[in-house]
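Here's the structure we're looking at; comments come further down.
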Amino acid sequence: MSFSLSCYRCGERYEDTARVRCACGEPLWVDARPTAFSWDDCRNRDGMWRYEALLPIDRPEGVARAAGGTPLVRSPGLDDVAGGRVFVKDEGENPTGAYKDRGSAVAVPHTIATGDDVVGTVSYGNMAISTAAHATSLDRECLVFVPEGTSSVRLELIAQYEPTIAQVSGEYGALYGDALDLSERLPIDVLVSDAPTRISGYKTALFEICDSLAPETPDVIALPASSGGFASGVWLGIRDLESAGLIDESPRLCLVQTAAADPLTRAFEDGATDPTPMSSDETGDTIAHSIGNPDPPSGARALAAVRDTDGAVVSVTDDEIRTAQRRFAVDGGFCVEPASAATLAGVSRLAERGELSADESVVLVPTGTGFKELGTGGRDVATETVHRADLRDRLESLLAP
Ligand SMILES: *Cc1c(COP(=O)(O)O)cnc(C)c1O
Ligand SMILES: [Zn+2]
């Protein structure tokens, strides 16, 4: 299937589908603006391939077929904390436990079809795990660049798919630019966080949300944001559905950042179109390591998405994230990673400010499962030991009215 790329900001179009950025500097995407599309056109296929008609490639083989198709669950236990009628879009149910699989499912097969021998990625987190899984399922080599000193737990999560892992010293943040350069010069395609084909895959999360709730449209959708890639994909999905006449009023996009690195929140509050990169002495440590990008490559586009949908960007602290993570588990039954828990903390902030009302529907998108991070929370678990001969007595006293 052929497609072209375009720039959301200046409108320039490109036929070279391996290109990532416009001459104006902004990231490109596949903005097809479908007009003839309805939910009835969705054939009942695997996961996100239900929306194959709106994707730039045909359904591939491999683990890509397991991507997407995650449940959207009404979760009333979380209403009080959130301050709205909560639905949870559990992206942790993707094959590698994060929404990244939607992007890899399109980007990796597209790269292979366009002839590059090796697929690469710059990540030590969910993007690395996902890209490695999708590459190996198509029998392709994958090269993962992680920062020097990456923990053995993280390395093990990535290494299970047997990519070549290179620990890189020097400034890791600058690797985004290096990756684009290497992709042009060598027979390797380094799929960065906002590669246009990834963004196309991400929009299927929005399709699934709107498809499940149709003919209603949710009032608010809350996502954690780092590079701004996922937010861009969700915005692209909204634009597709608007152009197909399937939604009238756009959901308000609420992006949530960690207070430790929040260039998007700062730009949003300042009314700026482009985020200002944060220097290392302006940023701090956070438990939400999936969202700590001080210089988000799709930041300006994410801000445009928020303004276009009348949404908001908010920052939350690690303490708020820890509380939200507990509420997700205890009141919702969901095991989510800290970056994902930030969505709940973020919307309760909106509710406090009067930007979300109790009768409005709010979709929280836990982007990644918490099961990869167990044992890192430093939580003390108190239990009692009872001999089996004493169990009945002990239970009697426990269950006594
Ligand atoms: C990658 C990731 C994010 C951030 O997404 P961006 O596209 O970089 O904004 C949020 N949550 C999880 C779990 C992630 O893996
Ligand atoms: Zn441009």
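The reciprocal of the average 1/r between distinct C-alpha atoms defines the Kirkwood hydrodynamic radius, which for the stretch 100-190 equals 13.0 Å. 3J(HN,Hα) couplings calculated from phi for the stretch 150-159 with the Karplus curve 6.51 cos²θ - 1.76 cosθ + 1.60 (θ = phi - 60°) are, in sequence order, 4, 5, 5, 5, 5, 4, 5, 4, 6, 5 Hz; Gly and Pro show x.
Return the single residue from MET48, MET127, MET278 with maximal mean-square fluctuation; model: Gaussian network over the chain, springs between Cα atoms under 10 Å. The residue with the greatest mean-square fluctuation here is MET278.
In the neighborhood of VAL363, defined by Cβ-to-Cβ distances under 14 Å, what is the net charge if each Lys or Arg adds +1 and each Asp or Glu adds -1? Let's see the in-between values first.
Numbers: positive: ARG74, ARG85, LYS89, ARG252; negative: ASP79, ASP90, GLU91, GLU208, ASP211, GLU216, ASP219, GLU360.
Spelling it out: positives minus negatives among the neighbours equals -4.
Under the 0.36 nm per residue contour assumption, what length would be gained going from the current alpha-carbon distance of ASP295 and SER4 to full extension? Don't skip to the end; give the middle numbers.
Values: separation 291, 0.36 × 291 = 104.76 nm, distance 2.68 nm.
Gain on stretching ASP295 to SER4: 102.1 nm.
Per residue, the accessible area of the stretch 100-190 comes to 44 Å² when a 1.4 Å probe rolls over the protein heavy atoms.
In terms of the Cα gyration tensor, with a ≥ b ≥ c the square roots of its eigenvalues, is the stretch 29-178 rounded because a/c is under 1.5, prolate because a/b exceeds b/c, or oblate? Can you show the working numbers first?
Numbers: a/c = 2.05, a/b = 1.29, b/c = 1.59.
Cα axes put the stretch 29-178 in the oblate bin.
Here the extension length gained between SER280 and VAL168 equals 38.5 nm, from 0.36 nm per residue of separation less the Cα-Cα distance. Helix 196-213: angle to the longest alpha-carbon principal axis of the chain, degrees 0 to 90, nearest 10? Tilt of helix 196-213: around 50 degrees. For a straight C-alpha distance cut-off of 21 angstrom, the lysines reachable from LYS203 (same-chain residues fewer than eight places away being disregarded) are LYS89, LYS100. Tell me, what is the FRET efficiency for THR35 and THR273 to the nearest 0.05, using R0 = 51 angstrom and their Cβ-Cβ distance as r? Result of the calculation: an efficiency of 0.95.
Throw me the Rg/Rh for the chain, computed over C-alpha atoms with Kirkwood Rh, two decimals. Please report the intermediate quantities before stating the final value.
Working: Rg = 21.2 Å, Rh = 21.5 Å.
So for the chain, dividing Rg by the Kirkwood Rh gives 0.99.
Among the aspartates and glutamates, select those whose C-alpha is under 13 Å from the C-alpha of LYS372, and discard any that sit fewer than 8 residues away in the same chain. Excluding near neighbours in sequence, the set is GLU93, GLU156, GLU337. Put ASP46, ASP189, ASP101 in order of accessible area, highest first, and with a 1.4 Å probe you get ASP46, ASP189, ASP101. Annotation for GLU384 and ASN44: the two label points, set 7 Å from Cα along the Cα-Cβ direction, are 5.1 nm apart. Less than 5 angstrom separates the built amide H of ALA312 from those of LEU253, CYS254, LEU255, all sequence-distant by 5 or more or on a different chain. Relative contact order of the stretch 100-190, taken over Cα pairs closer than 8 Å and 6 or more residues apart, is 31 percent. Sequence-distant contacts, meaning Cα pairs under 8 Å at least 6 residues apart, place the relative contact order of the chain at 18 percent.
If only the Cβ of Lys and Arg carry +1 and only the Cβ of Asp and Glu carry -1, the dipole of the stretch 100-190 around its Cα centre is close to 280 debye.
With the other protein chains left in place, how much accessible area per residue, in square angstrom, belongs to the stretch 287-401 at a 1.4 angstrom probe? Provide the component values of the computation, followed by the final result.
Working: 5950 Å² over 115 residues.
Ligands and nucleic acids excluded, the result is 52 Å² per residue.
Positive end of the dipole of the chain (Cβ unit charges, origin at the Cα centre): among ALA341, LEU143, ILE112, the Cα lying farthest that way belongs to ILE112. In order along the stretch 107-122, the Karplus-derived 3J(HN,Hα) couplings, from 6.51 cos²θ - 1.76 cosθ + 1.60 at θ = phi - 60°, round to 5, 5, x, 5, 4, 5, 5, 8, x, 6, 6, 10, 9, x, 7, 10 Hz, and Gly and Pro are given as x. Placing dummy labels 7 Å off each Cα toward the beta-carbon, the span from ASP211 to ARG326 is 3.8 nm. Across the accessible surface of the chain, with the other protein chains kept in place and a 1.4 Å probe, carbon and sulfur atoms take up 46 percent. Cα centroids of the stretch 112-163 and the stretch 6-51: 25 Å apart.
Residues with amide H under 5 Å of VAL86's amide H, sequence separation 5 or more or different chain, H placed in the peptide plane at 1.01 Å from N; which? The list, which skips near neighbours in sequence, is SER75, ASP79, VAL362.
Between GLU15 and GLU61, what is 0.36 nm times their sequence separation minus the Cα-Cα distance? Round to one decimal in nm.
Details: separation 46, 0.36 × 46 = 16.56 nm, distance 2.54 nm.
Stretched out fully, the GLU15 to GLU61 stretch lengthens by 14.0 nm.
Projecting label points 7 angstrom from Cα along Cα→Cβ for ALA400 and ASP139 puts them 6.8 nm apart.
The values are calculated or read from the model by the stated rules, or taken from the named source; none is laboratory data. A quick note: this is a predicted structure, and the numbers were derived from the prediction, not measured. Glycine also receives a Cβ, built like all others from the backbone with ideal geometry; neighbour counts cover every protein chain displayed. Surface areas here come from the heavy atoms of the whole protein model, side chains and all, with no ligands, DNA or RNA. Shrake-Rupley method; radii C 1.70, N 1.55, O 1.52, S 1.80 Å.
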